[in-house]
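Input: a single structure, listed below in structure tokens.
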Amino acid sequence: ADWYDGPSLLQLLEALPTAQERTAGHLLIPVQYVAREGEGTGNQPRTLWGRIAHGRVKAGDAVQILPSGETAVVAEVRRAGSVVDACEAGESAGVVLDRQLDVS
């Protein structure tokens with residue numbers, strides 16, 4: 001249009017800052033799915049899957065489950081089915097705890 005000489009809508013959208021998840025600070029990972037290993041019943045390891053909303057996680061980290069307030073230690077971190085050293089905000093991760101806790 002003759003009356004407008006500014007950037008196009010697409011140019012404005014492309015110039016917006018991207019969402020940056022915060023990797024510093026406490027871990028926040030809403031659990032979206034719990035996977036049980038093995039078959040049958042009993043005390044099988046469970047992987048708590050979710051997208052990390054804040055912070056980072058690695059094996060050996062102490063974590064607190066909310067709303068119960070119980071604590072555990074991260075035994076293993078997984079991403080896309082493989083064990084990894086760590087995951088951080090913005091990544092989907094699987095967390096295996098050192099003990100079984102109700103996370104529902």
Within the stretch 75-104, residues over 17 Å from L28 (Cβ atoms) and β-branched (V, I, T) come out as V83, V84, V96
Looking across the stretch 1-27 at residues that are of a type in the set (D, E) and within 27 Å of the chain's Cα centre (by Cα), the single one that is modelled with the highest pLDDT is E14
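Here's the yes/no breakdown for (1) part of a strand (DSSP E or B); (2) more than 20 Å from D102 (Cβ to Cβ):
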{"site": "Q44", "(1), (2)": "no, no"}
{"site": "L48", "(1), (2)": "yes, no"}
{"site": "V57", "(1), (2)": "yes, no"}
{"site": "G60", "(1), (2)": "no, yes"}
{"site": "V63", "(1), (2)": "yes, no"}
{"site": "L66", "(1), (2)": "no, no"}
{"site": "G69", "(1), (2)": "no, no"}
{"site": "V73", "(1), (2)": "yes, no"}
{"site": "R78", "(1), (2)": "yes, yes"}
Residues of the stretch 52-74 being without any contact (Cβ under 8 Å) to a residue 24 or more places away in the chain and not β-branched (V, I, T), in sequence order, are G60, A62, Q64, L66, P67, G69
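The values are calculated or read from the model by the stated rules, or taken from the named source; none is laboratory data. Just so we're clear, the structure is a prediction, and the values are computed from it rather than from any experiment. Positions of Cβ are generated from backbone atoms using ideal geometry, with glycine treated the same way; all protein chains shown enter the neighbour counts.
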